1. Could you derive backbone 3J(HN,Hα) for the stretch 135-151 from the dihedral phi with the Karplus parameters 6.51, -1.76 and 1.60 (θ = phi - 60°), listing whole Hz in sequence and x where the residue is Gly or Pro?
2. What is the spin-label model distance, in nm, from S195 to D157 if the labels are put 7 Å beyond Cα along the C-beta direction?
3. Would you calculate the separation in nanometres between label points at K23 and S132, each defined as 7 Å from the Cα along the Cα-to-beta-carbon direction?
4. Under 5 Å between amide H atoms, partner at least 5 residues away or on a different chain: which partners does G30 have, H built in plane at 1.01 Å?
5. Given 0.36 nm per residue, what is the gain on full extension from K92 to L261 after removing their alpha carbon distance, in nm?
6. Measure off 7 Å from each Cα along the Cα-to-Cβ vector at I251 and E147, then give the distance between these two points in nanometres to one decimal.
7. Enumerate the calculated ³J(HN,Hα) couplings along the stretch 24-29 in order (Karplus 6.51 cos²θ - 1.76 cosθ + 1.60, θ = phi - 60°), each rounded to whole Hz, writing x wherever the residue is Gly or Pro.
Amino acid sequence: MKILLIFFTFYLISDTCTLNVYKVSSYSGGGLMIKCEHPQYKTKPKYICKESDGCSERKNPGVQDTWMENGDVSLYDDTRAGVLMVFFRELKAADAGTYRCGVKESDYTESFTELQLSVKHDAKNPNSMTESAHPGGEVNISCKIPEKHKVHFCKEDNNHICQNISSSKVTEMSGSSERNEERVVTVSISNVSVSDAGVYWCGAETRDTYLTFISLTTKIQLNLIMPPVVRREGESTTGPFMTEITGFSMIIIISVCVILLLIAGFTLTVCTLRHKRRGDAHSQSPTIPSDGLLYTAVSFQKHPEESLSDATVRFSKNEIHSDYTTISHCVRLN
């Protein structure tokens, strides 16, 4: 029974293999890139975890051959090279500790590289600077790295991950040593274009058999100085974006004016029709004559003894609004 227990314990130990233990150091606020190499397990799922947490939280990309975020860490599982890349954007004191960078070989076995990360605090690191350059020009960037380390120069992408730069644009110049512990390295970017503007990092690269770590300690903001626009006679200095905005504004103004004119025309038409209808109704209504002058002319007998004879009454309407009657009295002699 004891022999079986010893054999089973030896089997478990052999199935979980620690390749090596590495010490990694960097500065608080800086960036850190870790590359764990597993060339014999290129397509196997890879992970990184912290031993102080009992490796209960294994961070892995989940999707291979693309950068994925997992908390404050970005990961990339490169199946072509069999490498897991882990990028810490801004190191904190809480990030210090012992990590396992491993690969799951099967459902029962795995292998990992153990590394001890120490995070230092230094007021001078990370160092930040700003550089400017003209299109087509050249810019030189200097950074300090520890002696006997390879310089690493990279540029942040849209996801704030520091990516390698084409060697055709970057040239590393010979470095000068200020002290025994560090040296100054100058990196030159030639034929600067608009796409070269952005944030760069410079740091030291340390490489071993199964592990590469890059401590980024110098942050460079590269700005592009655009030449002033010289306006010639008959030319406009308005850029295409401003022209597009101006044209769009003119379309809006013209549309509003047309709408206002249509509203005014409709209102005027409605008022005209209403006025016309009222005029027709007034002309068709019966005319009520006003109270005109009404009078009567009467001729009386001059002598009372004369007898009343025939009387003639005539009505005349020469005026539209006046009615009058004339009475003539004639006396017949017997």
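Every number here is computed from the coordinates shown, using simple stated rules; none is lab data. On a predicted model such as this, the values are computed, not experimentally measured, just so you know. As a convention, Cβ positions derive from the backbone with ideal geometry for all residues, glycine included, and neighbour counts pool all protein chains shown.
1. Karplus-based 3J(HN,Hα) across the stretch 135-151 equals x, x, x, 9, 10, 10, 10, 10, 8, 9, 9, x, 4, 6, 10, 7, 6 Hz.
2. Simple spin-label model gives 1.3 nm for this pair.
3. Roughly 4.5 nm, to one decimal.
4. Distant-sequence amide H within range of G30: L91.
5. Gain in length upon complete extension: 54.3 nm.
6. 6.7
7. 10, 9, 7, 10, 5, x
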